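One structure is given here, and the rest of the page talks about it.
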Amino acid sequence: MTDGQTNSFFLDDEEIPFEEGQTIIQAALTAGKYIPHLCYHPEFKPHGSCKLCTVRIDSRTITTEDGQSVKIPGRAAASCTTPAVAGQHVESETPELLDLRRTLVQMLLVEGNHYCPSCEKSGKCLLQGLAYDLGVMDPHFPQYFSKREVDASHPDILLDFNRCILCELCVRASAEMDKKNVFSLSGRGATKHLICNSESGRLGDTNLAATDKAANVCPVGVILHKRHGFEVPYGQRRFDKAPISADPVQYAPVKEKVR
Amino acid sequence: MNAAAPTKRKLKVATTSLAGCFGCHMSFLDIDERILDLVELVEFDRSPITDIKHCSPDCDLGIIEGGVCNAENVHVLQEFRKNCKILIAMGACAINGGLPAQRNSLDIRDILAAVYARPGRGVHIPNDPEIPLLLNEVHPLHEVVKIDYFLPGCPPSGDAIWKFLTDLLAGRTPILGHGLIHYD
Amino acid sequence: MRIANANGDGQDCGRVIDAVLSRHQRDATRLMQILREIQEELDWLSPQTLTAIAEGLKLPRAKVEGVAGFYHFFHSEPKGRYRVLWSDNITDRMLGNADLMARMCKKLWLRPGEVSEDQLVSVDTTSCTGMCDQGPAMLVNYRPLTRMTPERVDKVVDLIRHKVPLDEWPAEYFVVEDNIRRKDALLGNDLAPGDALRAMRGPAEMLEAIKASGLRGRGGAGFSTGQKWEFCRNAVGTGAHGAHYVVCNADEGEPGTFKDRVLLSAHADLVFEGMTVAAYVIGAKKGLVYLRGEYRYLLDKLNAVLEKRRADKLLGKSILGQTGFDFDIEVHLGAGAYICGEETALLESLEGHRGVPRKRPPFPVTSGYLGQPTAVNNVETLASAALIAAKGAAWYKSIGTAKSSGTKVLSISGDCARPGIYEYPYGVTVSQVLADCGAIDTQACQIAGASGLCIAPGEFGRRIAFEDIPTGGSFMIFDNTRDMFEVARNFVHFFVDESCGFCTPCRVGTTLLKNVMDKIHDGHGGEYDIGDAQRVIKTLKTASHCGLGQTAGNCVADTLQKFRPSYELRLTVREFEPAFDLDKALSKMREVTGRDDPGAHFHIAHRKSKSGVGAKAGDVS
């Protein structure tokens, strides 16, 4: 960046230009640098709940009295909601942060019931794709084996709550784009869960249409289209062909929708 | 063991399938002709390949497919842990319970009652000391014993198994990388 | 609460709902108050009730259901005509609440959490209710009962069985003492209502005085009050309803804290006066008190004080006859959510949403209540501001230490002869505090609550001050007979109950940490589990969205460092222990097959579960 007018910051020592108002992840993805994420989506305002995109900002190295170099870690923050600031140094691909992200993925893997071999979303599931990319070999923690429901009441859409990671993309899509508010959240903490906008609680009693954004935004295998499954053969699916981190620009914010 | 033996001792490998479908073992055979290279490096102890019934006390690697669904699985797994230096959970079921664990959303008593209901003749659940008792829930291996390495896949491909084992036998922490790491 | 309500009579319900909605002008931002008032009439929030509220407020139904589902004190299923909630802070445990609750459940033929078959009563636990100086405490239909004893439990059981309305219960059960043991500049003030307001010379001068006084936030974070007010004053309101707001954070939920309860009970005028000072400085016309649901019993009293102040021209139009000095205050009630003590979660709740902390920036000083510039201050901060307005910055600055001016009100509970409220100039040592309240053989103090700091005797020379040990006021004392592992375990359970669930690390991490602590408690923990705990604590600290998650592991980290043997004595010699009880995992098949022979068990000697269902075996004593 030679243009003195353009703002820029450093991501893992690489200079990243940004526009005023962009968050760190928005600028990074636009510039072709991948930062892992799940609840961030190019068409929505950043949300900041999954914390997969956590980075460290402005770590410092100091020299102690006896000449030792000591690294003082910078503050940790979700890069999707943290505004980019000119000149700041952001770390993303450090062993500490990669380990943190693996732990977060493992937390999601044990919280829900994620049986990839029987999931229609396998091969194009973002949780799975991200786990592959981070090299998550196991869920590590004891499984919750939480008992969750399946809702097949809607003629075109099936809900399998076993796989919900509570990213709220469907909630946001239905409220912000479809203007229908079909989904919301209830409970809190460990009992937080997705609900449908009907007295019966059933999806079939809402006005969701298969063409709604909310019906097509789920990053995992919760919101599924009936009569469609396993359509792309093993080996030719999205993450069979390329890792999730390939071509980061595909996740760059769609300006007219985010702003 | 002979004290003067060369250092290139073959590593002893034991394998078994618990609550699995043997698909991972089948996939193991998909390493094809590379199995000839493998047997230069290892010898098989307890395994479906050898039909040896119990682990020798000096196994180096234990490779286990399938999760833990009954009392016998627990005993076999504990035997492996006791006798193997390194224990590997192979495949989706070993790692998170897999398809058998999908029964966990139901009460095992209800499942048995439904499975063994005979029209007009009530419920007769087989009850023989020879039949291992089922656990209330199916569990992954690492909830029962400490597992050292995990090789995901349903099944992991022959190439993934080969890469994993060659890394391990060479003393490297196995890294699969894109295309080889799979949960399905 | 109206006792004879079936919640099934559609017309009756409809009338109640309509009346409440009308009282609140069908304003969706008042959803919290609407839900509470309707529940007080109808006992619970049925699916039909939620639908009617949603329609009345023109809100999506799922949104109303989501808000109702967030707060512990709203219930969308019947909880009985009498809902008993035992405060379950560690201090209540130390006073024997577990045995008392078991006694109550036994006498009512109930299991904790369940509703009796006749829909009469349910008994459960809740997070610290702020009565630690007079526990064991409980709430019945959200009214506090203190100093529970076996005799009192038996009498309460009788009253419930005979369906005696709460208003006819003996008044002494509901007495809440202030227990002020040491007064200093704040609690010992001789001000009359209006003194502080009359002393003010102008907003800019007042702001300068607050800045010069060095006043810092008393909720625990310690941000400069003067700076906060200045940012807020300089921020511009936006939109058609641009305005500035003062919000008093009276959602004192930190376990072991009860000083705001006493300030609001004994010095409500001073708190409201502090809000009025803040309004004068930042140019606000409206102030809101967010009072925790556990302090519902203070509402009428506070409203009476507000009414009196209006009559005395200390609130309302042209305060003290000064044209343009208009300001009024309204009290909003929370509904059982610790997280709402976090200022942005509090604002969400005030606006009628789930109490989920906002993303920052923007900060409340520029975009707070309804997106407008808002000064959110702690009860004690506001009372102190009024004191400064009346007595001057220089006087105030001379109290305390160089970096921490003024005094701090401590809520002292646990193992001491005289629990209660103690006010000290900043800089007082922990050992001085312990001596004053009559603590002997103290092995640890938990300062600043469950999210705070656990200190051992070697550190008792440290001082209560922002530069050493900052605190919102919670000060819990543990003597040599207590088990610090159980203290940490109680706090970990608290965070599971109170996590909002927004972010992954806190939603999952608090539960994983609880599971590890329970496993160790049950005698099934090994070194492997300690490693897991450390890993979860690190994740919580680094990645959580707000302070709740970031500090939720502190209690375990501190006690692992300072009271490690209390963990080690529980660990098995094996490094790794199964994640679940192997022998118990055969229980259903033993039942199905009728087998109980050795082959139907795992003979692993260590498997002996100590925690039964709802037994709350965590009694520390």
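Could you please find all residues in region C:70-105 being surrounded by fewer than 24 Cβ atoms within 10 Å (Cβ to Cβ) and of a type in the set (Gly, Ala, Ser)? Once the filter is applied, which keeps residues that are surrounded by fewer than 24 Cβ atoms within 10 Å (Cβ to Cβ) and of a type in the set (Gly, Ala, Ser), region C:70-105 yields C:Ser76, C:Gly80, C:Gly96, C:Ala98, C:Ala102.
Mind listing whichever residues of region C:550-589 are within 14 Å of chain A (Cβ to nearest Cβ), touching a Lys or Arg at 6+ places or on another chain (Cβ under 6 Å) and part of a helix (DSSP H, G or I)? The answer is C:Gln550, and nothing else. For C:Asp619, the stated conditions do not hold, so it cannot be described as within 14 Å of chain A (Cβ to nearest Cβ) and at pLDDT below 95.
All of C:Arg111, C:Arg103 fail the test of being at pLDDT 95 or above and in a loop (DSSP other than H, G, I, E, B), apart from C:Arg111.
So, in region B:124-134, of the ones that are within 7 Å of another protein chain (Cβ to nearest Cβ) and among the aliphatic types (A, V, I, L, M), which residue ends up nearest to B:Ile108 (Cα to Cα)?
The initial filter retains those residues of region B:124-134 that are within 7 Å of another protein chain (Cβ to nearest Cβ), namely B:125, B:127, B:129, B:133-134.
This time we only want the ones that are among the aliphatic types (A, V, I, L, M), so: B:125, B:133-134.
Values: B:Ile125: 12, B:Leu133: 11, B:Leu134: 8 Å.
Only one residue fits best here, namely B:Leu134.
Look through C:Arg607, C:Arg590, C:Arg595 and report the one residue that is among the charged types (D, E, K, R) and modelled with pLDDT under 90. Working first, answer last.
Details: C:Arg590 fails: modelled with pLDDT under 90; C:Arg595 fails: modelled with pLDDT under 90.
After ruling out the rest, the residue left standing is C:Arg607.
Can you tell me which residues in region B:135-156 are more than 9 Å from chain A (Cβ to nearest Cβ), touching a Leu at 6+ places or on another chain (Cβ under 7 Å) and either crowded, with 23+ Cβ neighbours inside 10 Å or not charged (D, E, K, R) (or both)? Within region B:135-156, B:Leu135, B:Leu141, B:Val144, B:Val145 meet the criteria. Residue count for region C:359-386 under the criterion of being surrounded by fewer than 21 Cβ atoms within 10 Å (Cβ to Cβ) and over 19 Å from C:Ala243 (Cβ atoms): the result is 3.
If you check A:Leu130 against the conditions, is it crowded, with 22+ Cβ neighbours inside 10 Å, more than 7 Å from chain B (Cβ to nearest Cβ) and either at pLDDT 95 or above or in a loop (DSSP other than H, G, I, E, B) (or both)?
Details: crowded, with 22+ Cβ neighbours inside 10 Å: yes; more than 7 Å from chain B (Cβ to nearest Cβ): yes; either at pLDDT 95 or above or in a loop (DSSP other than H, G, I, E, B) (or both): yes.
Spelling it out, A:Leu130 is indeed crowded, with 22+ Cβ neighbours inside 10 Å, more than 7 Å from chain B (Cβ to nearest Cβ) and either at pLDDT 95 or above or in a loop (DSSP other than H, G, I, E, B) (or both).
Entry remark, region C:420-464: residues being more than 23 Å from C:Tyr338 (Cβ to Cβ) and among the aliphatic types (A, V, I, L, M) number 8 in total. Looking only at residues in region C:468-496 that are within 21 Å of C:Cys340 (Cβ to Cβ) and of a type in the set (Ser, Thr, Tyr), the one that is nearest to the other protein chains (Cβ to nearest Cβ) is C:Ser474. For A:Thr191, the criteria (1) within 23 Å of A:Tyr115 (Cα to Cα); (2) in contact (Cβ under 8 Å) with a residue 40 or more places away in the chain; (3) surrounded by fewer than 23 Cβ atoms within 10 Å (Cβ to Cβ) hold in every case but one, which is (2).
Conditions (1) crowded, with 24+ Cβ neighbours inside 10 Å; (2) touching a Pro at 6+ places or on another chain (Cβ under 8 Å); (3) assigned to a loop (DSSP other than H, G, I, E, B), marked per residue:
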site	(1), (2), (3)
B:Ala94	yes, yes, no
B:Gly120	no, no, yes
B:Leu168	no, yes, no
B:Thr173	no, no, yes
B:Asp184	no, yes, yes
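Candidates B:Gly91, B:Gly66: the one that is within 12 Å of another protein chain (Cβ to nearest Cβ) and under 15 Å from the mean Cα position of the chain (by Cα) is B:Gly91.
Kindly evaluate A:Ser118 against the criterion of being within 14 Å of chain B (Cβ to nearest Cβ), under 30 Å from A:Arg237 (Cβ atoms) and among the small types (Gly, Ala, Ser).
On the way: within 14 Å of chain B (Cβ to nearest Cβ): yes; under 30 Å from A:Arg237 (Cβ atoms): yes; among the small types (Gly, Ala, Ser): yes.
Yes; evaluated as a whole, the condition is true for this residue.
Looking only at strands (runs of 3 or more DSSP E) that fall completely inside region A:34-104, which ones have 1 or more residues that are within 13 Å of chain C (Cβ to nearest Cβ) and over 12 Å from the mean Cα position of the chain (by Cα)? Steps first, please.
Values: elements: A:54-57, A:60-63, A:69-72, A:75-78, A:89-91.
Fully inside region A:34-104 and qualifying: A:54-57, A:75-78, A:89-91.
Taking region C:497-531, which residues are touching a helix residue (DSSP H, G or I) at 6+ places or on another chain (Cβ under 6 Å), facing another protein chain (nearest Cβ under 9 Å) and either surrounded by fewer than 20 Cβ atoms within 10 Å (Cβ to Cβ) or outside any helix (DSSP H, G or I) (or both)? Selection gives C:Ser499, C:Cys500, C:Gly501. Entry remark, region C:334-355: residues being touching a helix residue (DSSP H, G or I) at 6+ places or on another chain (Cβ under 9 Å) and either surrounded by fewer than 24 Cβ atoms within 10 Å (Cβ to Cβ) or at positive phi (or both) number 5 in total.
Taken over region A:139-154, the residue count meeting the criterion of being under 21 Å from the mean Cα position of the chain (by Cα) and more than 10 Å from chain C (Cβ to nearest Cβ) is 1.
Evaluate the following for C:Ala304: is it surrounded by fewer than 23 Cβ atoms within 10 Å (Cβ to Cβ), among the hydrophobic types (A, V, I, L, M, F, W, C), in a helix (DSSP H, G or I) and out of contact with any strand residue (DSSP E or B) (no Cβ under 9 Å at 6 or more places or on another chain)?
When the stated conditions are applied, C:Ala304 passes them.
Restricting attention to region C:29-84, and to residues there that are among the small types (Gly, Ala, Ser) and more than 13 Å from chain A (Cβ to nearest Cβ), which single residue is farthest from C:Leu159 (Cα to Cα)? Going through the qualifying residues, I end up with C:Gly56.
Among the residues of region B:46-75, which ones are in a helix (DSSP H, G or I) and surrounded by fewer than 19 Cβ atoms within 10 Å (Cβ to Cβ)?
Applying the first criterion (in a helix (DSSP H, G or I)) to region B:46-75 yields B:71-75.
Hits for region B:46-75 are B:Glu72, B:His75.
Each residue in region B:102-123 was checked for being among the aliphatic types (A, V, I, L, M) and at the interface with another protein chain (Cβ under 7 Å from one of its Cβ atoms), and 2 of them qualify.
The values are calculated or read from the model by the stated rules, or taken from the named source; none is laboratory data. Everything numeric here is computed off the predicted structure, so don't read it as measured data. Virtual Cβ from ideal backbone geometry, glycine too; neighbours counted across all protein chains shown.
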